[in-house]
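Asker: Please read through the structure below; I'll follow up with questions.
Only the coordinates and a few stated rules stand behind these numbers; no lab work does. None of the values given here were measured: they were computed from a predicted structure. All Cβ positions, glycine included, derive from the backbone under ideal geometry; neighbour counts span all protein chains shown.
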Amino acid sequence: MRGLSAVLAIAAMAGLCHEAASAQAPPQPASGANPLNAVVACREIGDAARRLACYDEAATRLTQAVGRNEVVVLDREEIRQTRRSLFGFHLPRLPIFGGGAREVAETPDEITATVAAASNIGYDKYRIRLEDGAVWQTTESSASITPPHTGSSVVIRRGAMGNYFMRIDGQRGLRAMRTG
């Protein structure tokens with residue numbers, strides 16, 4: 001979640017640095033200004049030498065911010081992988097992940113994974129850790145199915161009203177919830 005807070009920080013800083021675009025010297029954004037916007041602001045400088053100096057200064061500040069984990073840059077594939085890793089958690093829709101129709105279209109309705117570990121937690125319910133580290137728990141009795149074990153294949157599907165259903169090794173689905 002550390003990366004998520006850094007991405008939230010860049011979203012909160014957006015739009016704070018355009019004043020320096022017309023200045024003679026390279027832009028010196030106010031403390032806390034978005035370093036990416038400082039790079040973009042350099043495009044407005046007409047003189048090539050001043051524009052280059054502006055780009056050099058802004059790129060240095062952006063590189064330093066990335067090095068301090070104040071700014072995180074994600075490409076579309078990294079966003080898709082992050083959405084998949086958060087499958088099962090109820091999170092607000094965040095503009096940093098694209099937002100709107102694109103976010104809905106790219107959010108998976110189901111995942112297929114392999115069980116890394118499974119344990120009976122009583123009443124024929126199981127805690128299941130997947131190979132990617134996600135932890136799920138069945139929320140209804142599974143007495144009528146073969147228990148999950150290391151190497152079992154699971155398909156977890158999003159249902160109506162925030163419910164999730166887990167099929168273990170192709171057996172009937174059980175209600176489940178993400179716990180970690």
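Asker: Kindly write out, for the stretch 148-164 in residue order, the coupling ³J(HN,Hα) from the Karplus curve 6.51 cos²θ - 1.76 cosθ + 1.60 (θ = phi - 60°), rounded to whole Hz, with x marking Gly and Pro.
Answerer: Result, rounded to whole Hz: x, 8, 4, x, 4, 8, 10, 10, 10, 10, 6, x, 6, 6, x, 7, 10.
Asker: Tell me which residues come under 5 Å, amide H to amide H, from Glu140 once H is placed; ignore anything under 5 positions away on its chain.
Answerer: Excluding prolines and chain starts, which carry no amide H, the hits are Arg175.
Asker: Using a ≥ b ≥ c from the Cα gyration tensor of the stretch 134-180 (square roots of the eigenvalues), is it rounded, prolate or oblate, where a/c under 1.5 gives rounded and otherwise the larger of a/b and b/c decides, a/b for prolate?
Answerer: It comes out prolate by the Cα gyration axes.
Asker: Near the amide H of Tyr164, under 5 Å away, which other amide H atoms are found, from residues 5 or more places off or on another chain, if H is placed in the peptide plane?
Answerer: Placed amide hydrogens put Gly159, Ala176 under 5 Å from Tyr164.
Asker: Now, a different point. Report the local net charge at Gly180: Lys and Arg +1, Asp and Glu -1, summed over other residues whose C-beta lies under 15 Å from its C-beta.
Answerer: Working: positive: Arg127, Arg129, Arg178; negative: Glu131, Asp132.
For residues surrounding Gly180, the net value is +1.
Asker: Something else now. Using the number of other C-beta atoms within 10 angstrom as an exposure proxy, rank Ile168, Ile121 with the fewest first.
Answerer: Ile121, Ile168
Asker: Still on this structure: Determine, for Cys54, Cys42, the number of other Cβ atoms within 10 Å of each Cβ, and report the residues in order from fewest to most.
Answerer: Numbers: Cys54 24, Cys42 21.
The fewest-first ordering by Cβ neighbours comes to Cys42, Cys54.
Asker: Rank these for me by crowding, Tyr55, Tyr123, going from fewest to most other beta carbons within 10 Å.
Answerer: Tyr123, Tyr55
Asker: Tell me, what HN-Hα J-couplings in whole Hz come from the Karplus equation 6.51 cos²θ - 1.76 cosθ + 1.60 at θ = phi - 60° for each residue of the stretch 125-142, using x for Gly and Pro?
Answerer: With coefficients 6.51, -1.76 and 1.60, one gets 10, 10, 9, 10, 9, 8, 4, 7, x, 5, 10, 10, 9, 6, 10, 9, 4, 10 Hz.
Asker: Tell me which residues come under 5 Å, amide H to amide H, from Val71 once H is placed; ignore anything under 5 positions away on its chain.
Answerer: Answer set, sorted by chain and number: Val66.
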